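Student: Shown below is the structure under consideration.
The values are calculated or read from the model by the stated rules, or taken from the named source; none is laboratory data. Keep in mind that what you see is a predicted model, and the values were worked out from it rather than measured. Because the Cβ atoms are built from the backbone with ideal geometry, glycine has one as well, and the counts that use them run over all protein chains shown.
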Amino acid sequence: MIKSKQPLAQAIVQLCEYHNIQHIVISPGSRNAPLTIGFTNHEFFECYSIVDERSAGFFALGMAQQLQQPVALVCTSGSALVNYYPSITEAFYSRVPLVVISADRPEHLINIGDGQTITQPHIFGSHILFEANLKDHFKKPFLKTVKNNNSRIDKALQLAKSECGPVHINVPFSEPLYETTEELISEVKPIKIQTNKKPFSLSKPTIKKWHSSKRKMILVGVNPPNCVQEMYLKLIAEDPSVIVLTETTSNLHHPNFFASIDQLITPLDATDFEALQPDLLLTFGGMIVSKKIKTFLRTNPPKTHWHVDEIQANDTFFCLTKHFKCSVNTFFEQLNASVDSFSVSTYFETWNRVKIRRLQKHKKYLKSIPFSDFKAFDRVLKQIPNNYMLQSGNSSTIRYLQLFELNPTLTVFCNRGTSGIDGSTSTAIGAARISNQPTVFITGDLSFFYDNNALWNNYIPSNFRIIIINNRGGGIFRILPGNKDSKNFSTFVETNHTLTAEPISNLHGFEYVSANTVEELDLALDCFYNQSSHPKLLEVFTPSSENDRILLSYFDFIK
């Protein structure tokens, strides 16, 4: 087997194999040649070549999101590394395991005016779990340097897995870079880190507090599919003192759950808020999309807020009282182990009646409005086939999704760590590449154009589908408070444009279709998911001047 002659490259390749990090996303370059030689000539690894480093970072993030295992990124020195930063911050806040392996010049060539050099150590600041800044193997004493380097590499890889987040390994390579050998310079073995994890146990007062509370709210953020056992979902769904608010990205479903949080919350007045205020709030999962529920719980805080997570807890509502460091299934198992009856309460019954009325009004409103973002999302979501993966763009896209009841066979993902629009397409393609599910990606126009290099990619499955809701700008800014009539609004806030995705679609071999009316959209969707030898893109044009009025009127209508 061909290997690089560089000892550091050999050590990294060996340790990645030991830690079962199989998927390697490489952006072509010269300084990273020793790593490229090592990974691409080893039969264990599956390597991907993505030229644009920013897109490569999100492509890897999409794969790691689906695998729930680390994916490695490899780049050359200089500004190439900086382009990973958006995906690294997303991975950090979404807790997705990424391993960034950056090639660098030797230390004596930094900051002397040599080309393609920047100060690479500490470049990701506080947005990584661990940083391994390696030393050139030509440094003395040789054996001590080798041992320290190997220890740092191993620690980085172990932390990416155990703590679920990004790590950075910075590797200085001296020239010559392209020399190869079939010999293993030295065998590297991982160091086993001993963990003294204590068994988790809920106290009797905690269990008593839960079961004696009359108004319990469970709020669920981002979760991978099938993370909570059905038996526990059934238990909490049948408890009359519990209401379960689920975000679209929670991937949890039950007829008794409240899936459209903003639909429930937005029309409420002060008296309603008082009636909804929980005694006890239980949260689990990742980031929360709904601004309305954040505002409600910050303004009307519960007496008790518990968060369940094995690693961390965010004090999102400024009232966190307890962090239970365990899995959700372990928590519910112990919570319900010795209880055979529920508290007497009308909490669920009261708010379920509100939910039913809201859904009736929702359906009535859809029949009364003209073609718009709102109506387009309704049509699009109803036509997604069973068992698809739905990847969502950020900004208005994910917020519209929260207003609709989704097909429970779908799995839903969105980059909610930093909530940026800048890598959603690349993430969706990375996820589609690794998943067995066919994938549809729904996005806004600005997000799509911002990340159009995502389509410069040789790994897009033929069953991949993109739906762009093109309202000719950042339509969400018309919904937010601000002076929409100012002369600068359309250029510097909303960012009006006349672009269409058709040229980009044609350039990258997508089948393209567009729709400007309900009838055209229904016709396009009829065959959009049919089998094809090419991925497909549907661009839906909606009236930018009407969308904000229709959405804001919706919340008045459903009161």
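Student: With the requirement that a residue be at pLDDT below 95 and under 20 Å from Cys75 (Cα atoms), what does the stretch 98-119 give you?
Tutor: Arg105, Pro106, Glu107, Leu109, Ile110, Asn111, Asp114, Gly115, Gln116, Thr117, Ile118, Thr119 - these are the residues of the stretch 98-119 that are at pLDDT below 95 and under 20 Å from Cys75 (Cα atoms).
Student: Counting just the residues of the stretch 223-263 that are under 16 Å from Thr409 (Cα atoms) and of a type in the set (Gly, Ala, Ser), which one comes out surrounded by the most Cβ atoms within 10 Å (Cβ to Cβ)?
Tutor: Residue satisfying both the conditions and the ranking: Ser250.
Student: Which residue pairs have Cβ atoms closer than 7 Å, lie 6 or more positions apart in sequence or on different chains, and pair a first residue in the stretch 31-52 that is in contact (Cβ under 8 Å) with a residue 40 or more places away in the chain and under 16 Å from Glu182 (Cβ atoms) with a second residue that is outside any helix (DSSP H, G or I) and aromatic (Phe, Trp, Tyr)?
Tutor: Pro34/Phe173
Student: Considering only residues that are of a type in the set (Phe, Trp, Tyr) and within 16 Å of Asn386 (Cα to Cα), look in the stretch 432-470 and name the one that is farthest from the chain's Cα centre (by Cα).
Tutor: Phe464
Student: Among the residues in the stretch 540-554, are any more than 28 Å from the chain's Cα centre (by Cα), part of a loop (DSSP other than H, G, I, E, B) and of a type in the set (Ser, Thr, Tyr)?
Tutor: No, the stretch 540-554 contains no residue that is more than 28 Å from the chain's Cα centre (by Cα), part of a loop (DSSP other than H, G, I, E, B) and of a type in the set (Ser, Thr, Tyr).
Student: Oh, and also: When you look at Val228, is it of a type in the set (Val, Ile, Thr), more than 30 Å from Lys3 (Cβ to Cβ), outside the structural domain of Met63 (by TED's automatic domain parsing) and in contact with an Asp or Glu (Cβ under 8 Å, 6 or more places away or on another chain), yes or no?
Tutor: Judged against the criteria, Val228 is not a match.
Student: Right, something else. What's the number of the only condition in (1) surrounded by fewer than 17 Cβ atoms within 10 Å (Cβ to Cβ); (2) more than 15 Å from Leu401 (Cβ to Cβ) that Lys291 fails to meet?
Tutor: Of the numbered conditions (1) surrounded by fewer than 17 Cβ atoms within 10 Å (Cβ to Cβ); (2) more than 15 Å from Leu401 (Cβ to Cβ), the odd one out for Lys291 is (2).
Student: Considering only residues of the stretch 355-376 that are surrounded by 17 or more Cβ atoms within 10 Å (Cβ to Cβ) and hydrophobic (A, V, I, L, M, F, W, C), which is farthest from Asp262 (Cα to Cα)?
Tutor: Checking each candidate, the answer is Phe371.
Student: Being at pLDDT below 95, in a helix (DSSP H, G or I) and among the β-branched types (Val, Ile, Thr) narrows it down to one residue among Val146, Val188; which is it?
Tutor: Within the list Val146, Val188, the selection yields Val146.
Student: Between Thr418, Thr425, Thr397, Thr409, which is among the hydroxyl-bearing types (Ser, Thr, Tyr), under 22 Å from Asp522 (Cα atoms) and crowded, with 18+ Cβ neighbours inside 10 Å?
Tutor: When all the criteria are applied, what remains is Thr397.
Student: Please verify whether Ser545 is of a type in the set (Ser, Thr, Tyr) and loosely packed, with under 14 Cβ neighbours inside 10 Å, treating the condition exactly as stated.
Tutor: The answer is yes for Ser545.
Student: Something else about it: Could you say whether any residue in the stretch 517-527 is touching an Asp or Glu at 6+ places or on another chain (Cβ under 8 Å) and either surrounded by fewer than 17 Cβ atoms within 10 Å (Cβ to Cβ) or modelled with pLDDT of 95 or more (or both)?
Tutor: No, that holds for no residue.
Student: Which condition from (1) buried (at least 17 other Cβ atoms within 10 Å of the Cβ); (2) more than 31 Å from the chain's Cα centre (by Cα) is the one that Leu297 breaks?
Tutor: Failing condition for Leu297: (2).
Student: Scan the stretch 266-303 residue by residue and report those that are touching a Ser or Thr at 6+ places or on another chain (Cβ under 7 Å) and without any contact (Cβ under 8 Å) to a residue 60 or more places away in the chain.
Tutor: Lys292, Lys294
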